[in-house]
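The values are calculated or read from the model by the stated rules, or taken from the named source; none is laboratory data. Just so it is clear, the model here is predicted, and its values are computed rather than measured. Cβ atoms come from the backbone with ideal geometry, glycine included; neighbour counts cover every protein chain shown. These accessible areas exclude ligands, DNA and RNA; they are computed on the full protein's heavy atoms, side chains included. Shrake-Rupley method; radii C 1.70, N 1.55, O 1.52, S 1.80 Å.
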Amino acid sequence: MRRVVSILLVLALLTGVLGVTSVAAAATTEFPRSQTLYTGGKQWGPPSNWNPFMTGNYATGTIGLCYETLFLYDPLTAKFTPWLASSGKWTNSTTYRLVLRPGLTWSDGKALTVDDVKFTIELGKKTTLNFSSLWSWLTSISKVNSTTLDFKFKTALYQEWDNYLYNLPIVPQHIWGTRSLTDVATGANDKPVGSGAYLYNTYDQTKMVWEKNVNWWATKALKLSVAPKYIIDLVNTSNENSLGLVLQGQEDLNNNYLPGISTLLTGGYALHTYYPSAPYNIAANTAWLDINLQKKPMSDLAFRKALAYGINVADIVSRDYNNMVQASNPTGLLPMWNKYVDQAVVKKLGITYNPAKAKQVLAAAGYKDVNHDGYVENKDGTKITLKLIVPNGWSDWMAAAQMISKSAKAVGLRIVASYPDFNGYLDARLKGTFDLAIDNQANVSNSPWTYYHFIFYDQLKDIPTTQGGNYGRYNNKTAFALVTQLDKTKTTDLTAMKAVISKLQTIQLANLPMIPLWYNGMWAQMSTTYWTNWPSSVAGKNHYLPVTWNGYWNMTAILMLTQLKAVKQP
Amino acid sequence: MRRYFGRKLLIYIITFILAVTVDWAIPRFMPGNPVEILIARAGLKAESAKLIYSYYMKAFGLNVPIWRQYLNFWIALFHGDLGVSLWLFPQPVMKIIKQAVPYDILLLLPAILLSWLAGNKFGAYAARSKWLDNTISPLAYILQATPYMWLGMLLAWLCGVRLHLLPFSGAYSNAMMPSFSWSFVWSLLQHWILPFASLFIVQFGGWAIGMRNMIIYELEADYSHYLEALGAPRKLVRSYAFHNALLPQITGLALQLGAIVGGALATEIVFSYPGIGFLILQAIQNHDYFLLQGSCLFIIIGVLLANFLIDLAYVLVDPRTRVGMQGEG
């Protein structure tokens, strides 16, 4: 027996040693805290690829820290900043001339030239990439001279083109040119070589490590220098865990929705948010109610109007979100797009919470409580029970769904909150089997066109595969045509843009294909324990976006890094 | 001997095929389609998403009939190919599992072996002492019935959040990369203690109770009374009782393995410990068919292998099995 025991003990010990040796394989590294910026909030799984064409899946910072775009876009000022490009303009209605900045280099020392730009965009013609659809309206790219390219278009979609200018990453031809097309489209692109401010250092299951590129072109060209030597992006495990890390100052910038941050700001923690008071965060997208128009009674406009009157958004904002969000404008346009809101149209058609009006509209349309159970019935007397779906685990939305259900009850509508898992929720929307759902997929961008393209997405049959939006299946050819017309409107022609958008707003508010609710924020909790000079709304401070999500580095978040200052540790 | 192992092997093979089939089928009964999630996360422009959708459906072999997918799965399996993860696209499932397995070994083997040893020793000891039996045994009953996850959260809250004694998330410090340095090993150990403890404590309770009951039963058996009547020293009687009581505990270990692995999954999730359990949760949440299949396959093989080893151990420990086999041969 004793022998068995000792054998087992030795075995246990051996596995321990074995475990340690198999885990410890890489070279020694420990990152000095004072030179390291810890971020979190984008990565929900270990880094798995650095392929900038695999949007949504690539490791944090792949576009932004490593690969760069031609321009940066600042949604707060609605301005483009030349980045890899030094300028760009339309020379005629279908030709765009791009001039590249001189002296650009890749991190391996080779020069970044117009050939790389041309090569990158042409990759989308050769294989299926996330921007391949560009080639249905782009005809050709021709090299004018060593720094200039001409893009010739069949149809110039000005709004969309501007969107590409700050979202398309440029990759080096000398590396990507030798790869198979499958590898280009779906390869992991280990150890990426980019042009950006940071170099790939290492990664493991819990983090991605970027190291400062001392030879970054912008240091010479724009006198910019990023402050942190290392950026370590931590993989999210849970919101509780993230909150703990931020409060202890172990995570410097967190981009998760952490409930209760507003109450912690004054709690003696070294916490910072963009706005010092409500709503604390810049608006990132609009949360709205998807309404399935293929089903009764949602197909009835009067019913939708009653529903819109019956939702108490202010209650959700104050009690569910603790004022960390703002109620949406009836048009659903984000605050930075305020200039596009046609106030006259909103005044005439906009609907806000009004329970008495909701009851009145229901009664007038013939929805009556026949069986006196407190809820109205269909016109033919059958019961109405609508399911409102939100993904399970999205606690703020789950609470909001309950509140919507409660305020609907007060006007006699039976809405039951339901929480399928994310895929179930996604599937119900894609196949159009849901009744009601909360949605927020149209993010901030250079143009309200992206928002209208989403809510008035016109390829109704393709929704299950394209996820193009319009999950309620609103069908209005006039609206669809207006969205295309908007896309073809020059971005410099504000009057023309406003005219089209005003028409779209009229259609939206009069027909209610969806109901805008509130603005979700660019959640950003910053700790001032190790780094200061964070972006802030306060005058005199920098107004860059403190967000590490995909697509935000190129919306000025990269400039935030140039402003940070390390705190002297005692 | 050959017949004994032949029969065992056949049972193992049938179990394996059934388990793997269930493992393959279950994720496919979930509503929705994993490529939808992949696309949803990418936030693509609609026109591009359409192209990408068919591209991925083909790449993952999801565009062929379901029976064909099943067949392809077995063919790939025999080539040692577990497919490509959807969640961590384009990493191969095998690579992801390989990164996770060391943590499972680190956590599970010591926890299982040490708790079994310590629990049995303690149980046998407690059966002898009225005082211990009245104090620790009830505690062991409670521990044994404690869900792993609950104890894990309690430990994390107490030792981690309240007392700041130990880290309670991840496998080592965020400021480090794995290396052969003392600071790394120390960090690894610190992060290991709480998940290990929550597994160890629960299992310890179970084994202690089992052993205590067995010893009391064995001491009442005829052979014990006979030995006592012959005037054998108490220590000798105890030692025989312990040996006999150990046999059902070994069987118990085989039976418990599945539950222990299940418990380890919960523990890993609580402590964000990057083992297979953590992967399985993520794979389910992300409808990652291939990662889920691969991880479960690994657990199936692990549990079957451990059972087989216990079968072997049984032959060594219980002379009756050996005699029986010789008789057959």
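Structure data summary
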{"quantity": "Inter-chain Cβ neighbour average for residues B:104-110, partner chain, 10 Å", "calculated": "5"}
{"quantity": "Those residues of region B:58-90 for which accessible area with every protein chain present is at least 10 Å² below the isolated value (1.4 Å probe)", "calculated": "B:W87, B:L88, B:F89, B:P90"}
{"quantity": "Helix runs (DSSP H) in chain B reaching 15 Å along axis by Cα, Kyte-Doolittle at least -0.5", "calculated": "B:2-29, B:46-59, B:66-78, B:93-128, B:130-145, B:182-219, B:234-270, B:289-317"}
{"quantity": "Shape category assigned to region A:414-555 from the gyration tensor of Cα positions, a/c cut at 1.5", "calculated": "oblate"}
{"quantity": "Computed label-point distance, nm, for sites A:N371 and B:I14 using a 7 Å Cα→Cβ extension", "calculated": "5.2"}
{"quantity": "Amide proton proximity set for A:Q43, modelled H, under 5 Å, gap of 5+", "calculated": "A:N236"}
{"quantity": "Rounded accessible area per residue of the protein assembly as shown, 1.4 Å, Å²", "calculated": "42"}
{"quantity": "For peptides A:192-205, A:394-407, B:270-283, sequence by mean Cβ density within 10 Å, most packed first", "calculated": "B:270-283, A:192-205, A:394-407"}
{"quantity": "Proximal aspartates and glutamates to A:K42, defined as alpha-carbon separation beneath 15 angstrom and excluding residues fewer than eight positions away on the same chain", "calculated": "A:D233, A:E251, A:D252"}
{"quantity": "Förster radius 30 Å - calculated FRET efficiency between A:L264 and A:K79, Cβ distance, rounded to 0.05", "calculated": "0.35"}
{"quantity": "Share of carbon and sulfur in the accessible heavy-atom surface of chain A [1.4 Å probe, %]", "calculated": "54"}
{"quantity": "Computed [θ] at 222 nm, helices only, for the protein assembly as shown once each DSSP H run of length n ≥ 4 contributes -39500 (n - 2.57)", "calculated": "-15500 deg cm²/dmol"}
{"quantity": "Fraction of accessible area attributable to carbon and sulfur, region B:235-329 (%, probe 1.4 Å)", "calculated": "71"}
{"quantity": "Which listed pairs, of A:K305/A:K348; A:K126/A:K431; A:K296/A:K503; A:K296/A:K406; A:K220/A:K490; A:K110/A:K207, have C-alpha distances above 25 Å, in listed order", "calculated": "A:K126/A:K431; A:K296/A:K503; A:K220/A:K490; A:K110/A:K207"}
{"quantity": "Contour excess over end-to-end distance, with Cα ends at A:A539 and A:K154 and 0.36 nm allotted per residue", "calculated": "134.1 nm"}
{"quantity": "Calculated from backbone phi, Karplus (6.51, -1.76, 1.60) coupling profile of region A:50-60 in Hz, x at Gly/Pro", "calculated": "10, 8, x, 8, 9, 3, x, 10, 5, 4, 3"}
{"quantity": "Estimated buried accessible area (total), pair B and A, 1.4 Å, Å² to nearest 100", "calculated": "5700"}
{"quantity": "Net charge, A:T120 excluded, C-beta distance under 12 Å - Lys, Arg +1, Asp, Glu -1", "calculated": "-1"}
{"quantity": "Net charge over other residues, Cβ less than 11 angstrom from the Cβ of B:H287 (K, R count +1; D, E count -1)", "calculated": "-3"}
{"quantity": "Chain A, relative contact order [Cα under 8 Å, separation at least 6], %", "calculated": "20"}
